[in-house]
1. Name the residues of the stretch A:96-116 whose accessible area falls by at least 30 Å² when all protein chains are present instead of the chain alone, probe 1.4 Å?
2. Heavy atoms of the protein only, probe of 1.4 Å, neighbouring chains included. What is the accessible area of A:Glu150 in Å², nearest 10?
3. What is the gain in length, in nm to one decimal, between B:Lys216 and B:Arg187 on full extension, counting 0.36 nm per residue of separation less the C-alpha to C-alpha distance?
4. In nm, what is the difference between 0.36 nm times the number of residues separating B:Asp61 and B:Asp166 and their Cα-Cα distance?
5. Mind checking A:74-82 for the average number of partner chain beta-carbons within 10 Å of each residue's beta-carbon?
6. With just the Cα atoms of the stretch A:76-139, tell me how far they stretch along each of the three principal axes, in Å, largest first.
7. Compute the semi-axes of the equivalent ellipsoid of the stretch B:123-225, taking the square root of 5 times each eigenvalue of the Cα gyration tensor, and list them largest first in whole Å.
8. How much length would be gained if the chain were fully extended between B:Tyr123 and B:Glu140, taking 0.36 nm per residue of separation minus their Cα-Cα distance, in nm to one decimal?
Amino acid sequence: MNHQFLMRGLRGACALAGLCLSLAAGAADIGQIKIAKGQVSVERAGQAMPAAPGLRLQTSDVVKTGADGSVGITMSDNTLLSAGPGSVLSLDKYAFDTTTYQGRFDSTLKQGTLAVVSGKIAKQSPEAMTVRTPATILGIRGTEFVVSAEPIAR
Amino acid sequence: MRAFPTRGRLSGRLSALGALVLRPVGDLLRKRASACLLTALLAACAQPPTRDTIVLLPEKDGRKTAVIVNNGGKQVTLDSPYSAARTGSADVQGYKSGPADVQSAFGPALAAQPPRPASFLLYFAEGSDTFSDEAKRTVEQIFAEIAKRPAPEVAVVGHTDRVGTDQSNDALSLRRAEFVRRELIGRGIAADNISASGRGEREPIIPTADGVTEPKNRRVEIIVR
C-alpha cells in the first residue's frame, strides 16, 4: 500500500469518527431543565447529580424532586414536563427526527405529580408518545393533561 | 457574510456519507432499545403499585385532543376539558374534575411549567444575502424573547416551497437554517445553544400542488424555548 493512500484513508477514518462523535453528542441531549425549585436531582447511570436550570437531559435519566421540590423540563420536540414535590420521573425512551418530526417518547411517572403539554412528536404521530405509571399506560393524542401516581401502602 | 443559500447546490457526497454513518448507528440503537425494553419490563415488575389520577386540561387554542387511559386492559378515553380518570387495582373509572380540584392536587407541578416555546418567522428573497429591515426587527424580537427565559435555547428550522425534488428541498431548507444559525451566532447566541434543521417542503403555510412557487412557504422558523 502506498503511503499517500494510507494517509488519505486515515484522514477519512478520522473525519468519519469525528462525525460519529458529534452525532452521538447531538443525539444525547433530549431536553433541558428550565426550572428547578427546592431539592431536584437527576440520576444518570447510577450517579445522582443536583439539577439546575440549563442541565441537559439524556435518555434513561431519572428526575427526582424532594418534599419541597418541583422541576420544569422542555424537550427538544417542545414537549413540556413539570413535576411537583416527591416525584420520580424516568425518561425511558426518546427519539426525534428534526426533518420528518417522526419519533418516540415514553416516560414513566413512578410516583408524584406531573403536568404535560405534548409537543411535535405526539402531533406528528398520535401513537408515538406514552406516559406510564407503574400500572397505567396513557396514550397521548396531542394534548395538555395532569397525572398523579400515589404509592399504595402494602 | 455568506450568501443566503439558494436552490441547486446540493452536496451529494455529504448525504451519501450521512447514509453510510447513520445505518450502523440505527442498528446499534435498535439493539440498545430491545435491551432497554427488557430492563424497563423488569423494573416495572419491581415497582410498588400506585393509585393514579389523570385529568385532561382545556387546550389554549381549543383543539380537540384526547388521552387514552389503560389500566390492566380496562380503558377510558378522556376527550373533553376536565374529563378525568382514577385507577385502582386493574380498574379505571371516569369522572369529571374541575379547575379547583386540579389546582389543589397539581398546583406545584403546574407552577413549575416552563414557558411555552415561542416561534418567529424570517422570510428571504431567493438569492438575497442580508436580512431585510422586517427581518432585522424580527431578530430584535427573538433576542428580547431569549432574554426573558431561563436557560434559553434556539432551534432554527428551514422550510421550502414545492419547487424541486424532496431531497433537494431537504438540503436547501437545511442550508437556509444553517445560514440563519450562523447569523444569530454572529449576533451573540452561544453556538452550543442553537441548532439548525431542515423540514424541506413538509410543512407549507400555504398548501400548494407540487412544483408551485410560493414565497410564504420559503421561510425559516426560529423557535425559542
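The values are calculated or read from the model by the stated rules, or taken from the named source; none is laboratory data. Note that the structure is predicted; figures quoted are calculated from it, not measured. Counting neighbours? That spans all protein chains shown, and the Cβs are built from the backbone with ideal geometry, glycine included. All accessible areas refer to the heavy atoms of the entire protein, side chains included, with ligands and DNA or RNA removed. Shrake-Rupley method; radii C 1.70, N 1.55, O 1.52, S 1.80 Å.
1. A:Thr98, A:Thr99, A:Tyr101, A:Lys110, A:Thr113, A:Ala115
2. Counting only protein heavy atoms, the figure is 110 Å².
3. The B:Lys216-B:Arg187 span can extend by a further 7.9 nm.
4. Extra length from B:Asp61 to B:Asp166 when fully extended: 34.7 nm.
5. Mean inter-chain Cβ contacts per residue within 10 Å come to 5.
6. So the three principal-axis extents are 37, 20, 15 Å.
7. Semi-axes (√(5λ), whole Å): 25, 14, 12.
8. Computed gain between B:Tyr123 and B:Glu140 is 4.6 nm.
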